[in-house]
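Structure, as structure tokens:
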Amino acid sequence: MTISVDKVELETILPLRALFLQEANRQIRYNACHERGWSDSYLLTINDRAVGYGSVKGREIPDRDTVFEFFVLPLFRENSAEIFRQLLVASQARWVECQTNDPCLSAMLFEFARNISSDVVLFEEHLVTDLVVPGVVVRRRQESDEIFPHIVEPIGEYVAELKGEIVATGGFMLHYNPPFADLYMEVREDCRRRGIGSFLLQVLKQECSLAGRVPAARTSIRNLASRACLSRAGLRVCGFMLTGEVHV
């Protein structure tokens, strides 16, 4: 058995990546790295037959030091460990970063990496909620709206209004793999812990679905307030982002 790992153009791996996305059926956090030119693509072959691909990005954008996607056709997965080992050699990657809901790459991370840590928790749609916050109206943002300074998230296309003031904004990002979209929102500091964030997320979920997308979200593993807000809005934890240092 001869395993080869060859650096190729993105277009070469797209048919295999389509199979990866179909099998995954989940939001892929770093999906946009490919189309933005932030990744290197590697074709994986056994005896000159294409059996999978690997993708490497940088922990910092200019670098290419982190394996973040790895897919092998089911027929050849018994050889995954040796294929991955050779991918590491060819790419000289020093890190592996994966979603825990990606069983194939997660297995490789635990086999080939150490000092594993997590800083992001992933959420998926779970329940339809019926939250109500008296006096709060969610609507599309208008040019005349006065928006409070945002610290973490961008100003969204939707706003939550209370007594004539904008107290939260949010939206959903569409650069993830279809049909998934990523929810985001920020609540004015003096209006937090009043259910406004969850109420806004509830509406964003509805608008996301009406746009033909499946809502998903992510947040810092240490942001307990954000995690609670997402849960109240009917989302549930579906995974974590893991990063490990390659050790072979």
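The values are calculated or read from the model by the stated rules, or taken from the named source; none is laboratory data. Note that the structure is a prediction, hence the values are computed from the model and not measured. Note: ideal-geometry Cβ built from the backbone for every residue, glycine included; neighbour counts use all protein chains shown.
Conditions (1) at pLDDT below 95; (2) surrounded by 16 or more Cβ atoms within 10 Å (Cβ to Cβ), marked per residue:
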residue	(1), (2)
Glu146	no, no
Val152	yes, no
Ile155	no, yes
Tyr158	no, yes
Gly164	yes, no
Thr169	no, yes
Phe172	no, yes
Tyr184	no, yes
Within the stretch 107-116, can one find any residue that is outside the structural domain of Arg213 (by TED's automatic domain parsing) and within 23 Å of Met173 (Cβ to Cβ)?
no
Considering (1) farther than 26 Å from Cys238 by Cα; (2) buried (at least 21 other Cβ atoms within 10 Å of the Cβ), say which one Val96 fails and leave the rest.
(1)
What's the number of the only condition in (1) outside any loop (DSSP other than H, G, I, E, B); (2) under 24 Å from Arg94 (Cβ atoms) that Glu23 fails to meet?
(2)
Considering only residues that are buried (at least 22 other Cβ atoms within 10 Å of the Cβ) and among the hydrophobic types (A, V, I, L, M, F, W, C), which ones fall in the stretch 53-71?
Val56, Val67, Phe68, Phe70, Phe71
Which of the residues that make up the stretch 186-223 are touching a residue at least 40 places away in the same chain (Cβ under 8 Å), closer than 24 Å to Arg36 by Cα and aliphatic (A, V, I, L, M)?
Val214, Ala216, Ala217
Among (1) small (Gly, Ala, Ser); (2) more than 24 Å from the chain's Cα centre (by Cα); (3) surrounded by 11 or more Cβ atoms within 10 Å (Cβ to Cβ), Ser80 falls short only on (2)
Tell me, yes or no, whether the stretch 101-108 has at least one residue that is surrounded by fewer than 17 Cβ atoms within 10 Å (Cβ to Cβ) and modelled with pLDDT under 95.
yes
If Ala50 satisfies all but one of (1) part of a loop (DSSP other than H, G, I, E, B); (2) small (Gly, Ala, Ser); (3) crowded, with 16+ Cβ neighbours inside 10 Å, what's the number of the condition it fails?
(1)
